[in-house]
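Only one structure is covered here, and it is reproduced in the block below.
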Amino acid sequence: MEKKNIDWANLGFSYVETDKRYVSHYKDGAWDDGALISDATVAISECAGVLQYAQTCFEGLKAYTTEDGHIVTFRPDLNAARLKSSCERLEIPVFPEERFIQAVSETVDANEAYVPPYGSGATLYVRPFIFGSSSVIGVAPADEYQFRVFTTPVGPYFKGGAKPLTIRVSDFDRAAPHGTGHIKAGLNYAMSLYAIVDAHKKGFDENMYLDPATRTKVEETGGANFLFVTKDNKVVTPKSDSILPSITRRSLVTVAKDYLGLEVEEREVFFDEVKDFAECGLCGTAAVISPVGKIVDHGNEICLPSGMTEMGPVTKKLYDTLTGIQMGRIEAPEGWIHVIK
């Protein structure tokens, strides 16, 4: 298929409407067969559950053109499983996991002309989501829902290379103990907007959220998990019931152990330890790893030894290896790469 006339090298990380999207409706206790449609608009009641009580959750993954010309996605089974967990927590009927993967595949295939070519640095971002569509005025789950998947071509998250970020320790809590921090709910991101806008106004790139119960342990940022490297090259990731189980972070842990032979600890990370780490990164779908050079705790600066000019050496190896797996340059563990065509 001929590609769209897009300046792939200069794409930003923003929404570009593509030709097709997948839609399935839940009504009378069942999901319908679903279909690909052309209309990018959504028509719902002003009293829809998603508008009144934020009953919605979503996922994010990417489709890539690999070195050998295939179009693939990366571990969509984990996105399907995580969406299932989010739905169960929000009293949303679960969209079957095998149908999730099929819907993603169909949507990417239908928008093949928007999948950036190999080597362009761009990818096709895929956004599956579910929301309550029927009217709800009393506080209760909706009766009807829509599951949708749309795509948009995006450029590299960091143009000109990943420069280390400066982040701050936030005074806000990202999630409540025993709350919804472990699921990918829209409401979690809505509550983070004030904190991230405030951080940007004050010259910071992101927030570091501490655990809401004791405010002594590192949790995550508004949209990414933390990954630390010790001075003896041990990889450490925070473990908590109130952080989102990042698919990128879980994949990087495997890469560290099985590809780079590094020791990995997934455990509680106390903020007092941060000053002793050699490297720090934020991991997620958008950028894979965003290096952190400086963490500011109410005026007290923690400058990572890796510096403010480039990724630390271990972080760079993790990044290069995982992106190599995603792009087909490095052999992937079984089941990681889902080939669409």
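Key figures
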item	result
Solvent-accessible ranking of 192, 240, largest area first, probe 1.4 Å	240, 192
Tensor-based shape of the stretch 192-341 (alpha-carbon gyration tensor, a/c under 1.5 rounded, otherwise prolate or oblate)	prolate
Contact order normalised by residue count of the chain, Cα under 8 Å, 6+ apart, percent	19 percent
Accessible area (Å², 1.4 Å probe, nearest 10) - residue 316	90 Å²
Cα-centred dipole magnitude for the chain, charges only on beta-carbon of K, R (+1) and D, E (-1), debye, nearest 20	620 debye
Those trypsin sites (Lys or Arg not before Pro) in the stretch 248-282 that DSSP places in a loop and that have at most 12 other beta carbons within 10 Å	none
Selection from 146, 22, 243, by position along the positive dipole direction of the chain (Cβ)	243
Contour excess over end-to-end distance, with Cα ends at residue 5 and residue 102 and 0.36 nm allotted per residue	32.2 nm
Accessible surface, per residue, of the chain when the full set of protein chains is kept, probe 1.4 Å, Å²	45 Å²
Accessible-area value, residue 7, 1.4 Å probe, nucleic acids and ligands omitted, Å²	90 Å²
Cα gyration tensor, the stretch 74-205 - rounded (a/c under 1.5), prolate or oblate	oblate
Solvent-accessible ranking of 178, 338, largest area first, probe 1.4 Å	178, 338
Accessible surface ranking that places the most exposed of 259, 157 first, with a 1.4 angstrom probe	157, 259
Anisotropy class of the chain from Cα gyration tensor, a/c 1.5 cut	oblate
Within the accessible area of the chain (1.4 Å probe), percent carbon and sulfur	50 percent
The stretch 46-123-the stretch 222-297 distance, computed between alpha-carbon centres (Å)	24 Å
Residue among 166, 152, 309 with the largest mean-square fluctuation in a Gaussian network model of the chain, springs linking Cα atoms under 10 Å	309
Heavy atoms of residue 31: accessible area, 1.4 Å probe, square angstrom to 10	40 Å²
Nearest-0.05 FRET efficiency for residue 178 and residue 308, computed from C-beta distance (R0 41 Å)	0.60
Ellipticity estimate at 222 nm from DSSP helix runs (n ≥ 4, -39,500 (n - 2.57)) divided over the chain, nearest 500	-6500 deg cm²/dmol
Residues with amide H under 5 Å from that of residue 132, placed H, sequence gap 5 or more	50, 55
Cross-link partners of residue 84 among lysines (Cα-Cα below 29 Å; sequence separation of 8 or more within a chain)	20, 27, 62, 184, 217, 239, 257, 341
Positive-end residue of 96, 284, 76, charge dipole of the chain with Cβ unit charges	284
Net dipole in debye of the stretch 68-191 [+1 Lys, Arg Cβ; -1 Asp, Glu Cβ; about Cα centre; nearest 20]	580 debye
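The values are calculated or read from the model by the stated rules, or taken from the named source; none is laboratory data. Bear in mind the structure is a predicted one, so any value in this text is a computation, not a measurement. Cβ: placed from backbone, ideal geometry, glycine included. Neighbour counts: every protein chain shown. These area figures cover heavy atoms from the full protein model, side chains too; ligands, DNA and RNA do not enter into them. Shrake-Rupley method; radii C 1.70, N 1.55, O 1.52, S 1.80 Å.
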